[in-house]
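The structure appears below as structure tokens.
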Ligand SMILES: Nc1ncnc2c1ncn2[C@@H]1O[C@H](COP(=O)(O)OP(=O)(O)O)[C@@H](O)[C@H]1O
Ligand SMILES: [Mg+2]
């Protein structure tokens with residue numbers, strides 16, 4: 001069991017500045033997910049924690065001790081790799097026992113731990129097989145088994161599910177989450193998949209270009225993004241960003257679209273916008289905040305909007321409908337039967353209580 | 001397997017193929033066959049006109065002579081020199097290759113430079129080497145020959161093994177490092193099992209190189225460590241050739257390579273084709 005503390009970590013690969021000053025504290029027993037687009041430095045950061053890369057500056061502490069000068073094997077961590085990293089010439093049993101043998105664990109103890117882990121992961125019947133005789137999901141389980149028998153202080157995962165097909169990925173995701181409940185070791189998990197991040201994390205650390213863009217609980221990041229990047233990265237389908245101009249008049253504020261039309265903002269939002277008259281902004285509205293207008297009185301902060309349905313993508317439970325708003329395409333997530341045909345005019349309600357207003361130049365959320 | 005009735009045309013093509021393969025095999029095996037037969041013949045039978053396809057009786061006197069006169073020591077010399085030198089070249093070369101492949105030692109070009117050493121025509125360097133060997137008293141010694149064959153085989157081993165090692169997924173090594181192995185253990189427990197077919201194939205070739213070398217052995221040996229190919233030349237006389245000895249010695253000299261290749265066959269095919277894909 002251990003906490004992890006990074007301070008001022010930088011990493012260069014030649015001219016590429018892969019990690020640019022990361023300060024991060026992960027508490028004991030936490031499930032932290034490093035997420036961000038491909039190439040943002042997630043793997044580099046994880047490998048730096050593992051000791052597979054040396055940082056160019058900054059300190060890494062595990063369990064309160066600075067480990068910069070320790071080799072990977074001296075850090076007592078276990079790591080699961082994207083391609084499973086199973087030894088093809090060893091059986092499943094030998095693969096799982098590999099780390100224990102390397103540490104000269106007594107054979108009796110090895111046998112006990114391997115069968116415990118195999119039990120936990122449901123691979124007890126595969127122990128005598130070779131990796132090539134396993135399916136992708138089984139290989140993934142073996143790789144996880146190899147990590148958990150180690151009883152390490154810290155678990156690192158680098159995109160462990162990205163090679164699995166969609167259904168298996170959902171299954172394994174749930175299994176990893178359950179695993180964390182059972183063994184409660186600190187885990188750091190890297191993924192580029194925002195759904196994985198949202199579903200697994202106690203805390204999401206969103207990276208962008210080698211820096212932490214924002215970190216916090218999944219719903220905190222989702223509901224209170226600090227930048228347009230965070231708002232756009234989390235959520236599926238992603239948030240609609242519509243260019244507009246602010247119109248403020250005392251306690252009342254509205255966004256005016258360049259193509260005409262305006263939406264009145266709820267008073268809570270309007271309060272923080274005093275004096276921003278005429279400011280250019282991007283209006284961020286999540287697809288989930290659209291609904292079919294019921295005809296009754298609208299709740300506070302909800303406005304009505306009439307649009308023509310363009311693309312209609314039913315998913316079974318919800319139907320993603322593309323409409324025009326402020327001159328740009330936006331996706332509204334409606335109930336399955338809310339919209340029937342292309343070209344149909346629909347009356348929508350937009351919940352603006354959770355709208356995000358973004359400065360188009362700096363990308364910072366202003367309200 | 002179920003024997004299905006082939007269409008006549010396909011059957012004819014298949015038959016032709018087997019015929020072709022049979023002819024080629026016969027053609028290639030004939031000299032080997034002839035060599036074996038001569039080694040079992042008496043002098044009369046060797047010079048018999050018309051040539052005899054099969055000796056009257058299998059007799060080993062030609063071999064007996066080689067053992068009695070101590071000629072077979074040349075085979076032993078070759079065995080020692082070839083196995084020790086390729087053993088050393090394999091160990092050192094694989095470690096060098098690991099360093100080139102994983103730590104980028106020497107940058108982009110060192111590997112290329114190393115293999116270019118192998119392009120030098122041996123005849124161009126044999127006399128300078130001879131002079132150096134005379135100076136250091138290395139002529140006609142095991143050490144001298146082993147040193148030379150090791151030096152000549154190293155570039156080849158480094159080049160081949162670098163290719164095989166580059167193909168080992170880095171994750172396997174990193175996983176082992178995290179799991180508690182040090183670098184040497186990683187090489188022994190992860191890299192070695194992964195490159196074993198390539199290593200086997202490479203060692204057959206290094207062994208064969210030292211085994212077959214004639215030029216250096218001729219120039220650098222006198223009486224003490226005469227190797228098998230040099231010994232063989234002693235049987236070609238100005239007046240007459242000792243065909244019986246030549247044949248028997250050649251058979252003995254072919255055996256180690258034959259054994260090596262048959263034992264390693266499984267690895268050879270995989271090793272060579274591995275290299276062929278990535279190279
Ligand atoms: N070994 C390396 N040599 C050079 N550049 C690298 C190396 N590894 C990663 N990079 C670069 O560092 C940046 C971050 O890479 P990485 O941490 O792998 O990103 P991620 O895992 O978030 O996709 C990328 O621009 C990548 O090209
Ligand atoms: Mg990565």
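Residue A:220 passes every criterion in (1) touching a strand residue (DSSP E or B) at 6+ places or on another chain (Cβ under 9 Å); (2) part of a loop (DSSP other than H, G, I, E, B); (3) exposed (fewer than 15 other Cβ atoms within 10 Å of the Cβ) apart from (2). Would you say residue B:30 is in contact (Cβ under 8 Å) with a residue 24 or more places away in the chain, within 23 Å of the chain's Cα centre (by Cα) and surrounded by 10 or more Cβ atoms within 10 Å (Cβ to Cβ)? For residue B:30, the condition - in contact (Cβ under 8 Å) with a residue 24 or more places away in the chain, within 23 Å of the chain's Cα centre (by Cα) and surrounded by 10 or more Cβ atoms within 10 Å (Cβ to Cβ) - is not met.
Conditions (1) more than 14 Å from chain B (Cβ to nearest Cβ); (2) over 14 Å from the mean Cα position of the chain (by Cα); (3) away from ligand 2 (no atom under 16 Å from the Cβ), marked per residue:
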site: A:205; (1), (2), (3): yes, no, no
site: A:220; (1), (2), (3): yes, no, yes
site: A:224; (1), (2), (3): yes, yes, yes
site: A:253; (1), (2), (3): yes, yes, yes
site: A:290; (1), (2), (3): yes, yes, yes
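Checked against the criterion of being without any contact (Cβ under 8 Å) to a residue 60 or more places away in the chain and more than 30 Å from residue A:85 (Cα to Cα), the candidates B:141, B:175, B:240 yield just one match: B:240. Based on this model, can you work out whether residue A:119 counts as more than 16 Å from ligand 2 (Cβ to nearest atom), surrounded by 15 or more Cβ atoms within 10 Å (Cβ to Cβ), in a helix (DSSP H, G or I) and over 29 Å from the mean Cα position of the chain (by Cα)? Taking the combined requirement at face value, the residue does not satisfy it.
Of the residues in segment A:88-100, none is free of Cβ contacts under 8 Å to residues at least 24 places away in the same chain and within 16 Å of ligand 1 (Cβ to nearest atom).
State whether the residues of segment B:78-88 include one that is assigned by TED's automatic domain parsing to the domain that holds residue B:202 and more than 30 Å from residue B:248 (Cα to Cα). Checking segment B:78-88: at least one residue is assigned by TED's automatic domain parsing to the domain that holds residue B:202 and more than 30 Å from residue B:248 (Cα to Cα). Within segment A:38-47, the residues that satisfy the criterion of being part of a loop (DSSP other than H, G, I, E, B) and either in contact (Cβ under 8 Å) with a residue 40 or more places away in the chain or within 12 Å of chain B (Cβ to nearest Cβ) (or both) are A:38, A:40, A:41. The condition of being away from chain A (no Cβ under 14 Å), in contact (Cβ under 8 Å) with a residue 60 or more places away in the chain and surrounded by 21 or more Cβ atoms within 10 Å (Cβ to Cβ) holds for only one of B:123, B:158, that being B:158. Residues that are within 21 Å of residue B:208 (Cβ to Cβ), outside the structural domain of residue B:40 (by TED's automatic domain parsing) and surrounded by 15 or more Cβ atoms within 10 Å (Cβ to Cβ) do not occur anywhere in segment B:99-111. The lone criterion from (1) in contact (Cβ under 8 Å) with a residue 24 or more places away in the chain; (2) not assigned by TED's automatic domain parsing to the domain that holds residue B:209 left unmet by residue B:16 is number (1). For segment A:18-55, the set of residues classified as within 16 Å of ligand 2 (Cβ to nearest atom) and more than 16 Å from the chain's Cα centre (by Cα) consists of A:18, A:19, A:22, A:44, A:47, A:48, A:49, A:50, A:52, A:53, listed by residue number.
Of all the criteria given as (1) touching a residue at least 40 places away in the same chain (Cβ under 8 Å); (2) closer than 18 Å to residue A:352 by Cβ; (3) in contact with a helix residue (DSSP H, G or I) (Cβ under 8 Å, 6 or more places away or on another chain), the one not satisfied by residue A:248 is (1).
Only one of the numbered conditions (1) within 11 Å of chain B (Cβ to nearest Cβ); (2) within 16 Å of ligand 2 (Cβ to nearest atom) is not met by residue A:161, and that is (1).
Scanning segment A:319-342 for residues that are surrounded by fewer than 17 Cβ atoms within 10 Å (Cβ to Cβ) and over 24 Å from residue A:243 (Cα atoms) yields A:335, A:336, A:337, A:340, A:341, A:342. The strands (runs of 3 or more DSSP E) falling completely within segment A:304-356 that include 1 or more residues that are closer than 15 Å to residue A:293 by Cα map to A:318-325, A:328-335, A:345-351.
Conditions tested, residue by residue: (1) assigned to a strand (DSSP E or B); (2) surrounded by fewer than 16 Cβ atoms within 10 Å (Cβ to Cβ); (3) in contact with a strand residue (DSSP E or B) (Cβ under 9 Å, 6 or more places away or on another chain).
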| residue | (1), (2), (3) |
| --- | --- |
| A:255 | yes, no, yes |
| A:273 | no, no, yes |
| A:283 | yes, no, yes |
| A:291 | yes, no, yes |
| A:296 | no, yes, no |
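If a residue must be exposed (fewer than 14 other Cβ atoms within 10 Å of the Cβ) and near ligand 1 (Cβ under 8 Å from one of its atoms), how many such residues does segment A:1-36 contain? Residues that pass the stated criteria total 3. Residues satisfying the criterion are present in segment A:97-114 (criterion: more than 10 Å from every other protein chain (Cβ to nearest Cβ), under 34 Å from the mean Cα position of the chain (by Cα) and either in a loop (DSSP other than H, G, I, E, B) or surrounded by fewer than 22 Cβ atoms within 10 Å (Cβ to Cβ) (or both)). Note on segment A:48-85: residues that are in a loop (DSSP other than H, G, I, E, B), at negative phi, touching a helix residue (DSSP H, G or I) at 6+ places or on another chain (Cβ under 6 Å) and facing another protein chain (nearest Cβ under 8 Å) total 3.
Helices (runs of 4 or more DSSP H) fully within segment B:188-257 that include at least 2 residues being under 14 Å from the mean Cα position of the chain (by Cα) and buried (at least 22 other Cβ atoms within 10 Å of the Cβ): B:192-212.
The values are calculated or read from the model by the stated rules, or taken from the named source; none is laboratory data. Everything quoted here is computed from the prediction, not taken from an experiment. We place every Cβ from the backbone using ideal geometry, glycine too, and count neighbours over all the protein chains shown.
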